[in-house]
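The values are calculated or read from the model by the stated rules, or taken from the named source; none is laboratory data. Small disclaimer: the values here were computed from a predicted structure and weren't measured. Glycine also receives a Cβ, built like all others from the backbone with ideal geometry; neighbour counts cover every protein chain displayed. For the accessible areas, the whole protein counts, side chains as well, though only heavy atoms, and no ligand, DNA or RNA atoms are used. Shrake-Rupley method; radii C 1.70, N 1.55, O 1.52, S 1.80 Å.
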Amino acid sequence: MTILLSGVSKTFGDFTAVHPLDLSVPEGSFFALLGASGCGKTTTLRMLAGLEEPSSGRVLLGDDDITGLPPHRRPVNTVFQNYALFPHLDVAENIAFGLRRRRTGRIRAQVDEMLDLVQLGALAHRKPRQLSGGQQQRVALARALVNRPRVLLLDEPLGALDLKLRRRMQLELKRIQTEVGITFVHVTHDQEEAMTMADTVAVMNEGRVEQLGAPWELYEHPRTPFVANFLGTSNLLRGEPVGPGGEEGDDSAGDGALRVRVAGAPAPLRLPRPPAAAGTAADGAGTGGTSAEETAVGEAGTGGTSAEGTAVGEAATGGPLLLGVRPEKIALAPADAAHTVPEGHNALPGRITDAGYLGVSLTYIVETDACRELTVYAQNVERDTRLTPGTRVVAHWSPAHTFGLDAQGHGQDATAGREAP
Amino acid sequence: MSLAAHTPAPTAPAPPGGAPPAPRPPAGTAAWTAPLRWLRRHAVVLAGCAALGYLLLPNAVVLLFSFNKPAGRFNYAWHAFSTDAWTDPCGVAGLCGSLGLSLRIALLATLLATAFGTLAAFALARYRFRGKSTTNALIFLPMAMPEVVMGASLGTLFLNTRIGFGFVTILIAHVMFCLSFVVVAVKARIMSMDPRLEEAARDLYAGPVQTFWRVTLPLAAPGIAAGAMLSFALSFDDFIITQFNAGPSTVTFPMFVWGAAQRGVPVQVNVVGSAMFVLAVAVVLAGRLAASRRRTQERKAAAG
């Protein structure tokens, strides 16, 4: 069932938890609301559940306006953080709770069916406190799913589990979602969790949706410094565009890429033109971004800038911008082998200040004139033993892997969204 | 004591220097430290038994003397064994009447105090309103105030409002001080309840009324039960406040005992006291037994 939030906001006293928000979640999708704690994601979820009343706007489920409906009248069920299982009821009665309230028939049979789905048949008569965290999580899931809700809301459902169990439950949740085919809305602060499970991710920050799209799209083409830093790691460089035909621009390659002069870089860096929306979708067709095209986001009414206007297109008109590149896209060549850098690559000379060995990969910190700490990840395939701290190197990457961000918008600087050290 | 047990321990290092080689521990040492060691190991159990004895001894004496056949009016010296009092507990004029009155008042006061106290506890734990902290302080007052003061001031109040002293005034007084204990017990329980449980119930199609009956009340029940039991015990044996607010014809059981004690306590008072004690112990034991049986069943279900 399609969920539509239109102009929905929530204020507590003079604190605005959620700014007016437009969001549509297509039927049958796995939708993740991702953000740090206090960003408004849980409040948004609670407004969907009916546990919080929006200060403005409307909530639609399919064609029905459910804005004013109390939680027990909504065809929506929630898996709560820490599960909220009823301690005075056993597992079977916990699962039967919703069915009994609605006085449906065949309660016993439906509960047994659900116990099988989550593989807890043997524990039907235990009390919740006698179960492990993973088992409690599955009971909470069964208790919600047994009612065949049109939308299932999950509030950090895996937050209390250890890493290994969390990985397993991520796959299990995804399997169940595919099996039952209903819309899942999942709130999490764990970017990896959101990326693994969701078809569409909405990154929230300070009560606003920063960007919405398929996981690959958010990662490859972040539109704000916050998204660039919150999802993985980004190297952001401040620069001024000089235009493809500008006096310093070298357009001999004729690639149409924007040239950006970054202080400290020997030559302007290349930034590909922002791909058209259709092009982006085509790019991602193979990566599983099935629902991104149908999903729309923006900020309604009183909200700030529209999300669309923040991409590189605007920056190209002249203002300063932030040039971004992911650490794993950068390659390092020793300074004396600088001639091996492919033609047309963006290049920054520098000196390795730190090298970390992580087994599967290596992490280098490179000090360059353009950026004091350029982070570089290298796969541990054939380790170049010359790359030790102190070595002079050239860091280079393909212009195609460069993204541009508006340096002034959003009130964010290059460090927005970075986790505290 | 423990030091004495330690010093001759054979593991003590030999003094350095020209001291003679460490002697074997003398055979006598082990012999006289053994009882000390035993004492040390069982000190907690012994202290516990002593405390229990201290608490239970008076009850044992009451029970024993309920089988006495006193020589005179006073049941203070053992004379002869008899079950007369047990076979005829109402043989003393006024005793069973006062017992019935006390039970009626205690039951009614418990019922009213538990109902009002639970409501008040929910209000104080769940909502913010003007005068909340004042209410909290006022609720606490009856517990902190000396009973004599409370009894006397209530008596003055009833006298001035011209409510006739009797059953109703005693009931009002008892409900008032029982209320505090119920509020405290229930409030503590509500505060420790996870508010998400009620949200979960609402999310699972339970309306406000069903949420209350199916989730809130069962979860608060232990607190409410504790408050109710406390109320009953407090109301049943209250003497001071009752004394100030009773009418000429309303004599509760504690008042009857007090009155009888002036002229010589009848054996039947011991019978009633012992019976109440045995009943209370039986109720507690039954509760324990039921709980442990339920746990065993759960464990069995868990294992199976």
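Taking the range A:62-80 as the range and being facing chain B (nearest Cβ under 9 Å), surrounded by 15 or more Cβ atoms within 10 Å (Cβ to Cβ) and of a type outside the set (A, V, I, L, M) as the test, the residues that pass are A:71, A:72, A:74, A:77, A:78, A:80. Of all residues in the range A:118-132 being open to solvent by 30 Å² or more (accessible area, probe 1.4 Å) and outside any loop (DSSP other than H, G, I, E, B), which is nearest to the other protein chains (Cβ to nearest Cβ)? For the range A:118-132, the residue satisfying everything is A:130. Check whether at least one residue in the range B:142-153 is within 14 Å of chain A (Cβ to nearest Cβ), open to solvent by 60 Å² or more (accessible area, probe 1.4 Å) and modelled with pLDDT of 90 or more, and report yes or no. No: the range B:142-153 contains no residue that is within 14 Å of chain A (Cβ to nearest Cβ), open to solvent by 60 Å² or more (accessible area, probe 1.4 Å) and modelled with pLDDT of 90 or more.
For the range B:217-248, filtered to residues that are surrounded by fewer than 20 Cβ atoms within 10 Å (Cβ to Cβ) and within 20 Å of residue B:157 (Cβ to Cβ), the residue that is nearest to the chain's Cα centre (by Cα) is B:239. Listed conditions (1) more than 8 Å from chain B (Cβ to nearest Cβ); (2) closer than 27 Å to residue A:161 by Cα are all met by residue A:59, apart from (2). Summed over the range B:252-281, the residues that are assigned to a loop (DSSP other than H, G, I, E, B) and modelled with pLDDT of 90 or more give a count of 1. Sub-7 Å Cβ pairs linking a first residue in the range B:204-230 that is within 11 Å of chain A (Cβ to nearest Cβ) to a second residue that is open to solvent by 30 Å² or more (accessible area, probe 1.4 Å) and basic (Lys, Arg), at least 6 apart or interchain, are B:205/A:102; B:206/B:214; B:211/B:202; B:220/B:189; B:222/B:189, ordered by first then second residue. Only a single item in (1) modelled with pLDDT of 80 or more; (2) of a type in the set (A, V, I, L, M, F, W, C); (3) assigned to a helix (DSSP H, G or I) is not met by residue B:77, and it is number (3). On inspection, residue B:95 does not qualify as open to solvent by 60 Å² or more (accessible area, probe 1.4 Å) and among the aliphatic types (A, V, I, L, M). Going by the structure shown, is residue A:202 closer than 25 Å to residue A:221 by Cα and at pLDDT 90 or above? Considered against the rule, which asks whether it is closer than 25 Å to residue A:221 by Cα and at pLDDT 90 or above, residue A:202 comes out as yes.
Within the range A:133-153, identify whether any single residue is open to solvent by 40 Å² or more (accessible area, probe 1.4 Å) and in contact with an Asp or Glu (Cβ under 6 Å, 6 or more places away or on another chain), and answer yes or no. No - not one qualifying residue is present in the range A:133-153. Of all the residues in the range A:81-96, those that are on the phi < 0 side of the Ramachandran plot and open to solvent by 10 Å² or more (accessible area, probe 1.4 Å) number 7.
Of the residues screened, residue A:115 is one that is surrounded by 21 or more Cβ atoms within 10 Å (Cβ to Cβ), touching a residue at least 12 places away in the same chain (Cβ under 8 Å) and of a type in the set (A, V, I, L, M). When the range A:102-111 is filtered for residues that are part of a helix (DSSP H, G or I), within 19 Å of residue B:210 (Cβ to Cβ) and either charged (D, E, K, R) or within 10 Å of another protein chain (Cβ to nearest Cβ) (or both), only A:102 remains. Within the range B:188-203, being in contact with a Leu (Cβ under 6 Å, 6 or more places away or on another chain) and either open to solvent by 40 Å² or more (accessible area, probe 1.4 Å) or facing chain A (nearest Cβ under 7 Å) (or both) holds for one residue alone: B:199. Scan the range A:154-180 for residues that are under 22 Å from residue A:75 (Cα atoms), buried (at least 18 other Cβ atoms within 10 Å of the Cβ) and of a type in the set (D, E, K, R) and the total you get is 2. Test residue A:99 against the stated conditions and say whether it is in contact with a helix residue (DSSP H, G or I) (Cβ under 6 Å, 6 or more places away or on another chain), open to solvent by less than 40 Å² (accessible area, probe 1.4 Å), part of a loop (DSSP other than H, G, I, E, B) and within 10 Å of chain B (Cβ to nearest Cβ). So residue A:99 does not fit the description; no.
Residue-by-condition table, conditions (1) closer than 14 Å to residue A:203 by Cα; (2) open to solvent by 30 Å² or more (accessible area, probe 1.4 Å); (3) among the aliphatic types (A, V, I, L, M); (4) in contact (Cβ under 8 Å) with a residue 12 or more places away in the chain:
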{"residue": "A:3", "(1), (2), (3), (4)": "no, no, yes, yes"}
{"residue": "A:12", "(1), (2), (3), (4)": "no, yes, no, no"}
{"residue": "A:21", "(1), (2), (3), (4)": "yes, no, yes, yes"}
{"residue": "A:27", "(1), (2), (3), (4)": "no, yes, no, yes"}
{"residue": "A:34", "(1), (2), (3), (4)": "yes, no, yes, yes"}
{"residue": "A:44", "(1), (2), (3), (4)": "yes, no, no, yes"}
{"residue": "A:48", "(1), (2), (3), (4)": "no, no, yes, yes"}
{"residue": "A:52", "(1), (2), (3), (4)": "no, yes, no, yes"}
{"residue": "A:55", "(1), (2), (3), (4)": "no, yes, no, yes"}
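Since residue A:183 meets every condition but one in (1) open to solvent by less than 20 Å² (accessible area, probe 1.4 Å); (2) closer than 30 Å to residue A:153 by Cα; (3) modelled with pLDDT under 90, which condition does it not meet? Among (1) open to solvent by less than 20 Å² (accessible area, probe 1.4 Å); (2) closer than 30 Å to residue A:153 by Cα; (3) modelled with pLDDT under 90, residue A:183 violates only (3).
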